[in-house]
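Student: Take a look at this one; I'll ask things after.
The values are calculated or read from the model by the stated rules, or taken from the named source; none is laboratory data. Just so we're clear, the structure is a prediction, and the values are computed from it rather than from any experiment. With ideal geometry, Cβ positions are generated from the backbone for all residues, glycine too; neighbour counts draw on all protein chains shown.
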Amino acid sequence: MEPHQKKRRASKPKAKTGCRTCKIRRVKCDEGRPACRRCVSTGRVCDGYGIWGGGGNTSSGNRATIPKVCQNALSCYNAPVPIVHAASSERICVDWFIQRTISKIGGVFSSEFWNRLVVQAISQEPAVRHAALALASTHRYGAHKGDQACTMEDHLREYERFTLQHYNQAISCLHTEFRRNTRLNQTMMVALITCMLFVTLEMLRGQYAASQTHLQHGLRLLKEIQRLSGTSRNGRLLIRTLSRTVEDDIIQVFSRLAVQSALLGHGTQHSNLDYEIQPHHLPYKFQSIEQARQYLDVLLARTQSLVEMGRQIETDMYVEPQSYEGLLESQWRMEKELTIWLDVYKLSLGEFGSHDLSQSILAEKLLTMYHTMALIMVTTCIPWDDETAFDLQTDRFLSIIHEAIRICQAIKDVYPDSFSGGTPLGCPLGMAFTMDIGFIQPLYYTALKCRVPRIRRHAIKLLRLAPHREGIWNGTRTAKIAEEVIANEERNIDGGLSYENSFDILSLPQVGDSISVLPYLCRISDVRVELPNETTGEVTVSFWQIEDGSSWKLCEKVFPREDS
């Protein structure tokens, strides 16, 4: 009798595709998109197919309906990303990037791009990994720059060598990826993620011109991707109010930086953002603070485009039949949509949950500040050359100051030792650098456009409390620019007129008679900021006035390098 022989299962090639959930369960995946039917039918959450698509549950219409714990599963990622044959210095930098750099750069709002997409791409895409290593090295050196050991010349050379090595390797990996050209769409997504890491790296190093060059390349590539896919018409960049794909997450971070550049007045290349917004009605309630922010981002982009369109029409740079009537209709529509957004936002505030109360307060107040700034911009954009229109916006400027004071008060309550009079914010929320929004932009706008002396001086004092950078925005530098604007506008005012500067920064201004004392011809209508010189770090700012419907340069000033 032959010995019993164990049956062998027929050997089949191991499947390398399929969603992560089915792989873990060791079952065959039908590879349905965006979520496989096998996961959906059993009530499971499909973890998708890596960073290139899928995931969640097809029964939900958008990502916001997926439980937050599933959306941000990697936002608290503490384990090292597995990298084969990585040197110890590289592993240290990856850990630093995930545990420290992302939390600083991402800001107070949860970011799908930074918390999920970049973290996953580090382990899967060499170009992204090398770019992240270069960025982490720069951030880590900046954090330790005050240490005595870091001032040593050998340490500085080692940091520069490591950063430059991985910067070049990231570029080399991108070239290799494009030469293969087997997965063009995925290659372009890798290029865009790497590009944003380059933008951030150069901005962190103070190389603003190089950073903006990367930003413009990324925006052009996004437009080309949408043109080839037929997503957008006429080469215009389509922005969706809700992210559903990797492409949407990438577009968000690029468009936010483009709006930042345009609001600061960084030349004509940023003035026309050329966005096409996908129509989408506001929900009855926002399900998260991030969803409220996404809708407001779109409204801010449209606001900036409307302001620029008004300037072009009234200076005969842009003429179409019935263009002015269309501009008036767009202005009315924008005011209405901003009003509706605020109603939904107020109704939703009680629904937002957060583990960090101070961070939640900061996020909520920031959105209110940006909404108020957008309303002022929309209300005053027609006629474009009427600077006195801002005199009717005093209550809204006061609202911006009020929200900034409440932010500072919340920080003081949580970190009492970090706030004392005019001392800059030194608490964890007073980040040295972030790529996300903060209160610098609306305060700077208030200091420039509000001609009530007490209010604009309060805005400048608050700016000086923020010795950090928000993307291209620098608190100390913008305060100095605003002071120069005030000095030019008030130069010919009665010398006996003095303004109180020794006020309590945490007390709301009492402006009394809010009528501006500035004559129309004294006002500066436009402040244009040239990017810092790469070698000296100097910033050239030109100040413009309007006369007889045309704009002319009043003066120009060079501001020295800022070390903050």
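Student: Return a yes/no flag: does the range 135-154 have any residue that is at pLDDT below 85 and among the polar types (S, T, N, Q).
Tutor: There is at least one residue in the range 135-154 that is at pLDDT below 85 and among the polar types (S, T, N, Q).
Student: Only one of these is more than 21 Å from the chain's Cα centre (by Cα), modelled with pLDDT of 85 or more and within 22 Å of TRP114 (Cβ to Cβ): ALA191, ALA170. Name it. Talk me through it step by step, then tell me what you get.
Tutor: Values: ALA191 fails: more than 21 Å from the chain's Cα centre (by Cα).
On inspection, the qualifying residue turns out to be ALA170.
Student: Determine which single condition PHE286 fails, assuming it passes every other condition in (1) closer than 24 Å to ARG244 by Cα; (2) at pLDDT below 85; (3) buried (at least 19 other Cβ atoms within 10 Å of the Cβ).
Tutor: Of (1) closer than 24 Å to ARG244 by Cα; (2) at pLDDT below 85; (3) buried (at least 19 other Cβ atoms within 10 Å of the Cβ), only one is false for PHE286: (2).
Student: If we keep just the residues of the range 526-563 that are surrounded by 15 or more Cβ atoms within 10 Å (Cβ to Cβ) and part of a loop (DSSP other than H, G, I, E, B), which is modelled with the highest pLDDT?
Tutor: GLU530
Student: Within the range 322-349, track down each residue that is charged (D, E, K, R) and closer than 28 Å to GLN287 by Cα. Steps first, please.
Tutor: Initial filter on the range 322-349 (charged (D, E, K, R)): 325, 329, 333, 335-337, 343, 346.
Once the filter is applied, which keeps residues that are charged (D, E, K, R) and closer than 28 Å to GLN287 by Cα, the range 322-349 yields ARG333, GLU335, LYS336, GLU337, ASP343, LYS346.
Student: Looking at the range 476-494, I want the residues that are under 11 Å from ALA447 (Cα atoms) and have a partner that is β-branched (Val, Ile, Thr) and buried (at least 17 other Cβ atoms within 10 Å of the Cβ) with Cβ atoms under 7 Å, at least 6 apart or on another chain. Which pairs are those?
Tutor: Here the result reads THR478/ILE440; ALA479/ILE460; ILE481/VAL527; ILE481/VAL541; ALA482/ILE460; GLU483/ILE460; VAL485/ILE524; VAL485/VAL527, each pair linking the range 476-494 to a residue that is β-branched (Val, Ile, Thr) and buried (at least 17 other Cβ atoms within 10 Å of the Cβ).
Student: Quick check: anything in the range 502-511 assigned by TED's automatic domain parsing to the domain that holds LEU463, loosely packed, with under 14 Cβ neighbours inside 10 Å and at pLDDT below 70?
Tutor: no
Student: Give the residue that is farthest from GLU470 (Cα to Cα), with candidates limited to residues of the range 197-255 that are among the basic types (Lys, Arg) and free of Cβ contacts under 8 Å to residues at least 12 places away in the same chain. Lay out the reasoning, then the answer.
Tutor: Filtering the range 197-255 down to residues among the basic types (Lys, Arg) leaves 205, 220, 223, 227, 233, 236, 240, 244.
Those still in the list that are free of Cβ contacts under 8 Å to residues at least 12 places away in the same chain too: 220, 227.
Numbers: ARG220: 23, ARG227: 31 Å.
Per the criteria, the residue is ARG227.
Student: Which one of these is at pLDDT below 85 and in contact with a Cys (Cβ under 8 Å, 6 or more places away or on another chain): GLY326, GLY310, GLY350?
Tutor: Criteria check complete, one pass: GLY310.
Student: How many residues does the range 91-107 contain that are at pLDDT below 80 and farther than 18 Å from VAL199 by Cα?
Tutor: Summing the residues that are at pLDDT below 80 and farther than 18 Å from VAL199 by Cα in the range 91-107 gives 0.
Student: Sticking with this structure for a sec: For SER498, are the conditions met, namely being within 15 Å of LYS449 (Cβ to Cβ), part of a loop (DSSP other than H, G, I, E, B) and either touching a Ser or Thr at 6+ places or on another chain (Cβ under 9 Å) or modelled with pLDDT under 70 (or both)? Break it down into steps so the answer makes sense when it comes.
Tutor: Working: within 15 Å of LYS449 (Cβ to Cβ): no; part of a loop (DSSP other than H, G, I, E, B): yes; either touching a Ser or Thr at 6+ places or on another chain (Cβ under 9 Å) or modelled with pLDDT under 70 (or both): yes.
No.
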